[in-house]
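Notes for the one structure printed next.
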Amino acid sequence: MIRIGIVDDEKNVLEFLAQKVNEVSRELNVDIKIESFLNGAELLNRNRENEFPIIMLDLEMPDMDGLSVARELRKEYPDFVLLFITNRSDLVFQSFEYDVSGFIRKSHIEDELKQTLDRAYQKVLRKMTSYILKTENGERVFLSSSICYFLSKGHQILLFDDSNHPIRILSTLEKLEDILSPTSFVRCHSGIIVNCKFIFSINKSDIELTNGETLPLSRYRIKEVKRVFQKYLRSM
């Protein structure tokens, strides 16, 4: 289940939004729980008790507007998916620094809500996805979002996590390909499977990761790597 916090200072708009989010979520077959708030302070207090993976904020509110709420949230909770609800196109550029994942115009809720929510759900579900893998010390659960890449080295498979720590996995790259999400992971070399989340750039003969590390890229795999990565970016 995905918890969603919605904030709007107009009660009728808030109720309408909650209704539409529920309807769209049923269409998308996503289990959700909505909590609604008439001001940002209420949301901030509730979020400290139990974090919301998705937060929908009205940009224009008295006392504490959406940008101010987003600023406070990002100080402590960098990983939630943020969606803004607004009719003020002039405020869009000011919101980029808060890592916003989507905008829904109040005048176009019926047209824009489904696509925006679908992207948000996919983003959250990728973070929640986990894999049970065999290691030298027994089975372990790995979150998809923390796996950077798998490397075949000699007769070993090493998993490198987001802290660049190698962990030996008792498997093969072929078996891993069968269980890993094809929309998040792609084989860039005969001995490497990389998580698209950590790709910074794709070059002619290598891939640069967000941590500055480079991985070799096979020439005949370039097209497929680019295809998977572009599809991944479109779902963000």
Completion exercise
Among the stretch 24-41, those whose backbone N falls under 19 Å of a label point 7 Å along Cα→Cβ from residue 101 are 24-37
Exercise for the section: For the chain, find the longest principal axis of its Cα atoms and tell me its angle to the long axis of helix 109-128, 0 to 90°, nearest 10. Expected result: 40
Completion exercise
Over 31 Å (Cα to Cα) among 153/226; 11/114; 75/153; 153/197; 114/175; 75/226 -> 75/153; 114/175; 75/226
Fill in the blank from the handout: Tilt, helix 66-76 to longest principal axis of the chain (alpha-carbon atoms), in degrees rounded to tens, equals 40
Problem - Calculated [θ] (222 nm, deg cm²/dmol) that DSSP helices of n ≥ 4 give over the chain, each run adding -39,500 (n - 2.57) - result: -10500 deg cm²/dmol
Problem - Low-density loop cleavage sites - GluC sites (Glu not before Pro) in the stretch 176-236, where at most 15 other Cβ are within 10 Å (DSSP) - result: 213
Practice task
Hey, can you find the accessible area per residue of the chain for me, probe 1.4 Å, expressed in square angstrom?
Solution key: 54
Completion exercise
Checking 86, 183, 135 against a Gaussian network model of the chain (alpha-carbon springs below 10 Å), the top fluctuating residue turns out to be 135
Handout entry: Inter-site label distance for residue 183 and residue 168 at 7 Å from Cα along Cβ, in nm
Key = 3.6
Fill in the blank from the handout: The Cα radius of gyration of the chain, divided by 2.2 N^0.38 Å with N its residue count, comes to 1.15
Exercise for the section: Could you tell me what percent of the accessible area of the chain is made up of carbon and sulfur, with a 1.4 Å probe and every protein chain present? Expected result: 48
Exercise for the section: Could you tell me how many degrees, from 0 to 90 and to the nearest 10, lie between the Cα long axis of helix 222-234 and the main elongation axis, the longest principal axis, of the Cα atoms of the chain? Expected result: 20
Practice task
Could you tell me what percent of the DSSP beta bridges with both partners in the chain are antiparallel, to the nearest 5?
Solution key: 60
Fill in the blank from the handout: Largest fluctuation, 220, 131, 77 only, Gaussian network model of the chain with Cα springs under 10 angstrom, belongs to 220
Handout entry: Where GluC sites (Glu not before Pro) fall in DSSP loop in the stretch 28-76, at most 15 other Cβ within 10 Å
Key = 51
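The values are calculated or read from the model by the stated rules, or taken from the named source; none is laboratory data. On a predicted model such as this, the values are computed, not experimentally measured, just so you know. A quick note on method: Cβ atoms are made from the backbone with ideal geometry, for glycine too, and the neighbour counts reach across all protein chains shown. Heads up: the accessible areas ignore ligands, DNA and RNA and are worked out on the full protein's heavy atoms, side chains in. Shrake-Rupley method; radii C 1.70, N 1.55, O 1.52, S 1.80 Å.
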